[in-house]
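Below you'll find the structure, written out as structure tokens, and then a few comments.
The values are calculated or read from the model by the stated rules, or taken from the named source; none is laboratory data. Just so it is clear, the model here is predicted, and its values are computed rather than measured. Methodologically, a virtual Cβ is constructed for each residue, glycine included, from the backbone with ideal geometry; neighbour enumeration extends over all protein chains shown. All accessible areas refer to the heavy atoms of the entire protein, side chains included, with ligands and DNA or RNA removed. Shrake-Rupley method; radii C 1.70, N 1.55, O 1.52, S 1.80 Å.
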Amino acid sequence: MRAVKTNAIFAFALILIITIAVSLSASGQMTSQSKTDELLQNLSHNDSKVRSQAAWALGKSGDAKAIDPLIAALEDNDKNVREWAAIALAKIGEPALDPLQAALKSKNDSVRWQAAAILGMMNDTNATDSLAGILKSSNSTVRYWSAAALGEIKDNRSRDSLSSALAEGNDAVRDKLGWAIASLPGKETVDLLIELLQDENCSRRTGAARALGYRADEAAVQPLIAVLEDSQDQVRREAIRALAAIGKQATDDLVKALNESSNKTQEAAAEALGRIKDDSAIDPLIQAFQKGDSPVRHSAAAALAAINASSAVEPLILMLQDLNAEEDLRSDAAWALGIMRDKRAKVPLITAMSSDPDSDVRMNAAKAVKSVDGISVPVYKV
């Protein structure tokens, strides 16, 4: 295809030189017209390479006469031909705008989504309403590319349509919708997305959280932390990702959430801090490990391992060795030391593996030793 493209560019350059040289003569005009007609005929050639070359050359020519045939070529059975036709239409530009908007109403879904993609490449706000109108298409690919195009165009007139469409059930489409609405300028976009975090529709809440992650605006931190209590796991997952995307600006509020909220929020806050990897969260995470329930401890330990396991190793070893501590805490400490893989934990783990009175602690310690040192250990009866 690279050779095809090179040949097509060379052919067009030659045509352009000839056209300029005779631009003042009728014969020159006839030559250009004759070449366009030849290229249009080649769009129906049996050889797909010839069709691809013709599509590219017609796009470079900028001749509006080629628009309808190129739109028809979007139904070609060869992928390369369809792609070159799309590029050609985008190259022709404004004259192709109305025909492409009309193509959004085609009965052929493939033509519709390709037309949407091309309009996105053209980045013309005149296409906003037409693209917003197909966000309700029954075809997920059409919805995906209409959202992608609106995200490229960045016209605030599409805000309401995009936010309404966030109720989308298809995850890939909802992701693109989130990206598109996050691309729109203005504080109003963030305010709307924060409001949608409380929408009765779960998919819309999920999409709003995802969009806020794309936007990464500090104003969304507290609303997103509140969403960590959401009844739906997918909403909480997106809120965690969004907080991680906002980054260190969210650290202080997440640290507060480790101490001032429910176990569910503490667990999620610890995970978000692990993704952010801010060293200032290490001590609060160690405290959360000591005080939280088992899911909180697991989340805190994973976060510590992601941030900087070294400073957390000694406190965890002390927890492992404290036989007055609850068995679950010692067991989780062993598990955490395993995922941190620090050599300082090897001897304490071997000791716990052989002598701790609780079977779960011994088993987790044995697994942790393998992780820390890669050694073989005997199978203990538990």
Looking only at the stretch 84-114, which residues are of a type in the set (D, E, K, R) and touching a residue at least 24 places away in the same chain (Cβ under 8 Å)? LYS91, GLU94, ASP109, ARG112
Output the residue which, of all residues in the stretch 217-270 that are open to solvent by 40 Å² or more (accessible area, probe 1.4 Å) and of a type in the set (A, V, I, L, M), is nearest to LEU196 (Cα to Cα). ALA226
Condition first: part of a loop (DSSP other than H, G, I, E, B), farther than 18 Å from ASP360 by Cβ and within 33 Å of the chain's Cα centre (by Cα). Now tell me which residues in the stretch 286-342 satisfy that. ALA309, ARG341
In the list LYS136, LYS107, which residue meets the criterion of being among the charged types (D, E, K, R), closer than 26 Å to ASP155 by Cα and in a loop (DSSP other than H, G, I, E, B)? LYS136
Name, by its number, the condition in (1) open to solvent by 30 Å² or more (accessible area, probe 1.4 Å); (2) at pLDDT below 95; (3) in a helix (DSSP H, G or I) that does not hold for ARG82. (2)
Residue selected from the stretch 294-321 under the condition among the hydroxyl-bearing types (Ser, Thr, Tyr) and either over 14 Å from ALA333 (Cβ atoms) or modelled with pLDDT of 90 or more (or both), by the criterion least open to solvent (accessible area, probe 1.4 Å): SER299
State which residue pairs qualify: first residue under 19 Å from VAL81 (Cβ atoms) and inside the stretch 32-44, second residue open to solvent by less than 40 Å² (accessible area, probe 1.4 Å) and among the aromatic types (Phe, Trp, Tyr) in any location, beta carbons under 7 Å apart, and separation of 6 or more residues or different chains. none
Output for the stretch 134-165, where each listed residue is touching a Gly at 6+ places or on another chain (Cβ under 6 Å) and surrounded by 24 or more Cβ atoms within 10 Å (Cβ to Cβ): ALA149
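Yes/no matrix, rows are residues, columns are (1) open to solvent by 30 Å² or more (accessible area, probe 1.4 Å); (2) at pLDDT 95 or above; (3) more than 34 Å from the chain's Cα centre (by Cα); (4) of a type outside the set (Asp, Glu):
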position: LEU14; (1), (2), (3), (4): yes, no, yes, yes
position: ILE20; (1), (2), (3), (4): yes, no, yes, yes
position: SER23; (1), (2), (3), (4): yes, no, yes, yes
position: ASP63; (1), (2), (3), (4): yes, no, yes, no
position: LEU97; (1), (2), (3), (4): no, yes, no, yes
Looking at the stretch 113-129, which of its residues are assigned to a helix (DSSP H, G or I), open to solvent by 40 Å² or more (accessible area, probe 1.4 Å) and either in contact with a helix residue (DSSP H, G or I) (Cβ under 6 Å, 6 or more places away or on another chain) or of a type outside the set (D, E, K, R) (or both)? TRP113, MET121, THR125, ASN126
